[in-house]
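Below is one structure; the comments refer to it alone.
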Amino acid sequence: INYRSRIGIEYHLSNDIKFRTGLKQGRGISNSNEKKTDINLKPSIGVGLPLNIWQGQPLNLDYALDPGQNGEGLSHLFSFSIKLK
């Protein structure tokens, strides 16, 4: 089992748009060969947008930008959620 710490903040604007930012631990246990000065935290950012598609059925679009952990490049993460009443 590999545990990694994460922390984040979400800011709500008056029009229900949400901005998110956070940090996550890039590696678990460090090897003896690693430099102790290496930064082990990776940032991420995101935004959440409410979309009014149907009357009374809010649809949320969420986007996150994740820089990856081991140099594999950027990840663009999209998700949709709907609250059923």
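Computed from the coordinates by the stated procedures, all read-outs in this text should not be read as laboratory data. This structure is a prediction, so every number in the text was calculated from the model and none was measured. Backbone-built Cβ (ideal geometry, glycine too); neighbour counts: all protein chains shown.
Going by average Cβ density within 10 Å per residue, which order do the peptides 40-53, 10-23 take, highest to lowest?
40-53, 10-23
What are the ³J(HN,Hα) values, in whole Hz, obtained from phi via the Karplus relation 6.51 cos²θ - 1.76 cosθ + 1.60 with θ = phi - 60°, for each residue of the stretch 42-58 in sequence order, with x given for Gly and Pro?
Running phi through 6.51 cos²θ - 1.76 cosθ + 1.60 with θ = phi - 60° gives 10, x, 8, 9, x, 8, x, 10, x, 10, 9, 8, 10, 5, x, 10, x Hz.
What is the sum of charges around Pro58, taking Lys and Arg as +1, Asp and Glu as -1, for the other residues whose C-beta is under 9 Å from the C-beta of Pro58? Walk me through the numbers on the way to the answer.
Values: positive: Lys83; negative: Asp16.
Surrounding charge for Pro58 is 0.
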